[in-house]
1. Output the number of residues of the stretch 150-162 satisfying the condition of being assigned to a loop (DSSP other than H, G, I, E, B) and under 25 Å from Ala97 (Cα atoms).
2. Do we have any residue at all in the stretch 130-149 that's in the same structural domain as Ser193 (by TED's automatic domain parsing), surrounded by 20 or more Cβ atoms within 10 Å (Cβ to Cβ) and assigned to a helix (DSSP H, G or I)?
3. Determine whether the stretch 61-81 contains at least one residue that is assigned to a loop (DSSP other than H, G, I, E, B), surrounded by 19 or more Cβ atoms within 10 Å (Cβ to Cβ), over 18 Å from the mean Cα position of the chain (by Cα) and not acidic (Asp, Glu).
4. Go through the stretch 98-110 residue by residue and tally those that are free of Cβ contacts under 8 Å to residues at least 40 places away in the same chain and in a strand (DSSP E or B).
5. Suppose we filter the stretch 82-93 for residues that are over 20 Å from Leu137 (Cβ atoms) and crowded, with 18+ Cβ neighbours inside 10 Å; how many remain?
6. Residues being at pLDDT 90 or above and among the aromatic types (Phe, Trp, Tyr): count how many of those fall in the stretch 56-110.
7. I'd like to check something: does the stretch 140-152 contain any residue that is closer than 28 Å to Val50 by Cβ and of a type in the set (Phe, Trp, Tyr)?
8. Just a yes or no: is a residue in the stretch 166-173 modelled with pLDDT of 95 or more, under 24 Å from Lys88 (Cα atoms), buried (at least 17 other Cβ atoms within 10 Å of the Cβ) and in the same structural domain as Val86 (by TED's automatic domain parsing)?
Amino acid sequence: MTDVSHYMRTSLTIIKGEIEIVLQKNRKGEEYRKVFKLLEDESTHLQRIVENLSTLAYADAGALVSRKEIIDLTKICERQIEKVKVLKNRKNICLKASLQKNCYIYGDRNRIAELVFNLLENAIKYTPSHKTIFVELFKKESLIFLRIIDEGIGIEIKDLLKVFKRFYRSEAAKKLCKGTGLGLSICCSIVKSHDGELEISTCPGLGTCIEVRLKLITSFS
């Protein structure tokens, strides 16, 4: 929780400081654009923290899933991949997707979208520039498999048992980028609320594969 408070205070300090500087005197258009871009980034960061804390509050209250329906996971993955384009493009990361059509599950549309977005965002965050992320979605027997494979920093064995713990971040992760240590905890809660399974396989320095398994819906009656 200390890290979350720190990041929120840092973002607010940056926003306040930049606004004060801008108000001191008139500036050129390009200078204003740089400031507004920084303000946008910090505001987005704060928004993600608030959204994550809200999701955890719902999970603790047993109200994480509000409405379940038959949903097409293929289409949700396509939309979330589109949403993270800006994030991956900033780091010149290549995202390759192989999505089998008509992967239907019974679940909460918004929470499943949040799950996919969080996993993609996490992969981008911990993958160096000019590397590749692979997204695979396929059906096998009675299950749907979603795999997100990155060429990132990987996870040390000593950290692997702790990554689902709220607010936990490894030293390697802290050095690489900002974060709250909530992403995987939220993903795990969403998967469990849909009676699914989430598994991580990793190799430090080479990358990580996160696999989500959910029940396939074949009957629509």
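The values are calculated or read from the model by the stated rules, or taken from the named source; none is laboratory data. None of these values were measured; they are calculated from a predicted model. Every residue, glycine as well, gets a Cβ built from its backbone with ideal geometry; the counts of neighbours run over all protein chains shown.
1. Qualifying residue count, the stretch 150-162: 5.
2. No, the stretch 130-149 has no match at all.
3. Looking only at the stretch 61-81, we keep the residues that are assigned to a loop (DSSP other than H, G, I, E, B), and these are 61-68.
Checking which are surrounded by 19 or more Cβ atoms within 10 Å (Cβ to Cβ) leaves us with 64.
Applying the additional criterion that residues be over 18 Å from the mean Cα position of the chain (by Cα) yields none.
No; the residues of the stretch 61-81 include none that is assigned to a loop (DSSP other than H, G, I, E, B), surrounded by 19 or more Cβ atoms within 10 Å (Cβ to Cβ), over 18 Å from the mean Cα position of the chain (by Cα) and not acidic (Asp, Glu).
4. Matching residues across the stretch 98-110 total 1.
5. The qualifying residues number 0.
6. 2
7. No, the stretch 140-152 has no match at all.
8. no
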